[in-house]
Amino acid sequence: MSKQTCNPLTKYYHDKFPKQKQAAPGLQCEMDPVPDCGEKSYQGHQRLEGKKMLVTGGDSGIGRAAAIAYAKEGADVAINYHPDEQKDAEDVAKIIEKAGRKAVLIPGDLSDEAFCKKMVDEAHNKLGGLDNLTLVAGKQTSVADIMDLTTEQIRKTFEINVFSLFWTTKAALGYLKPGSTIITTSSVQAFQPGASLLDYAATKSAIIAFTKGLAKQIASKGIRANIVAPGPVWTPLQICGGQPSDAIPEFGKETPLKRAGQPVELSGVYVHLASSESSYTTAETYGVTGGEHTN
Ligand code: NAD
Ligand code: MG
């Protein structure tokens, strides 16, 4: 790697982003530029050999980066995604299989409690076990004025971002053995809530409280639970209403590192938290924020 590409300011895309908009949940294969989820850039080192992982939101963005890294580290991976995202999901399955691992595709809506249970059972049955839940899926829709924030949106955001964590965890605990891990995905928004993300930021705080309490509850079973808190990362979420369209060109420029992160820049943290390298880490929040702080 050249000296220039090691510089965090310039290592990944750091230009203005072209304005673009898709309907949620969106397809990352249609984004410009296409996010880097480690398809070519992530290299594995057998850190998760033989493990069985379930990743929600595994079709695109941060979840896709985690799923790809897990496979390249030697794990079999089931991914969940919304049925509209089949195209992105099939790409991920191909990459997992190319890494020599088993891919299981489980489309479905996480705001449905019965589906969450079915998803976990299917992941366990098709993978032949379950060692990890990586809960990445999320909804973010910016609304400038609370008077325009509908109860329907508030409810959906909480169902997808928070309720599904309860439902999925309850379904999985019967399968997870000592040494298993749960990883949830919060945000810098839990610590520095934006003015137009009231519902979203509230869910991201709830995820931290849920995960820390859960970690204490399940420590005696030998299961660890930790949180990843990303800063601005170039993913479909942002161009599907997560940011106002006008904010897209400058997205991420406000951070000390002056650019948005790429999903692959979170891969190492998910792998670390899923592997036994982090055996003394639980109830912890790992920020990957370009310098924006998670305290
Ligand atoms: P993304 O759009 O790639 O991922 C979000 C995923 O959520 C979608 O791919 C979709 O599969 C899933 N999803 C949404 N609604 C669903 C539903 N009803 N049923 C099933 N799946 C559903 O975007 P991303 O940025 O990679 O988001 C992943 C996580 O990272 C989210 O929890 C988000 O809050 C968090 N996050 C993102 C950023 C960022 O700047 N991109 C910053 C902080 C936190
Ligand atoms: Mg997606």
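No value in this document is a laboratory result; all are computed from the given coordinates. This is a predicted model, so every value here is computed, not measured. Cβ atoms come from the backbone with ideal geometry, glycine included; neighbour counts cover every protein chain shown.
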Counting other C-beta atoms within 10 Å, which of K16, K72 has the fewest, and how do the rest follow?
-> K16, K72
Once amide hydrogens are built 1.01 Å from N within the peptide plane, the residues lying 5 or more places from V233 or on another chain with amide H under 5 Å from its amide H are G261
In whole angstrom, how far apart do the alpha carbon centroids of the range 207-242 and the range 146-162 sit?
-> 19
Work out, step by step, the length gained on full extension between L9 and L149: first 0.36 nm times the residue separation, then minus their alpha carbon distance; give nm to one decimal.
-> 46.8 nm
Applied in sequence order to the range 13-28, the curve 6.51 cos²θ - 1.76 cosθ + 1.60 (Karplus, θ = phi - 60°) yields integer Hz couplings, x standing for Gly and Pro, of 3, 9, 8, 5, 8, x, 4, 7, 8, 10, 6, 5, x, x, 10, 6
Given Cα pairs under 8 Å that are at least 6 residues apart, what percent is the relative contact order of the chain?
-> 23
Any of K72/K221; K40/K118; K11/K102; K117/K221; K170/K216; K51/K216 with alpha carbons more than 25 Å apart? Name them for me.
-> K72/K221; K40/K118; K11/K102
Theoretical ellipticity at 222 nm over the chain - DSSP helices of four or more residues, -39500 (n - 2.57) apiece, nearest 500 = -9500 deg cm²/dmol
Arranged by the count of other C-beta atoms within 10 angstrom, fewest first, what order do M119, M147, M31 take?
-> M147, M31, M119
The equivalent-ellipsoid semi-axes of the chain, taken as the square roots of five times the Cα gyration tensor eigenvalues and listed largest first in whole Å, are 27, 22, 19
With the dipole of the chain worked out from charges on the C-beta (+1 for Lys and Arg, -1 for Asp and Glu) around the Cα centre, which of G26, L176, F166 lies farthest toward the positive end?
-> L176
Kyte-Doolittle cut-off 0.0, length cut-off 15 Å along the helix's own axis using Cα: show which whole DSSP H helices in the chain pass.
-> 61-72, 198-218, 264-274
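Distance check, please: which entries in K52/K94; K19/K87; K21/K98; K139/K177; K139/K253 exceed 20 angstrom between their Cα atoms?
K19/K87; K21/K98; K139/K177; K139/K253
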Amide H proximity to Y286 below 5 Å, modelled H, separation 5+ or other chain, gives I227, V228, A229
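Fewest to most neighbouring Cβ within 10 Å: what's the order for C240, C6, C37, C116?
In order of increasing Cβ crowding within 10 Å: C6, C240, C116, C37.
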Please state the charge dipole magnitude for the chain, taken about the Cα centre, from unit charges on C-beta atoms (+1 on K and R, -1 on D and E), reported in debye and rounded to the nearest 20.
-> 880
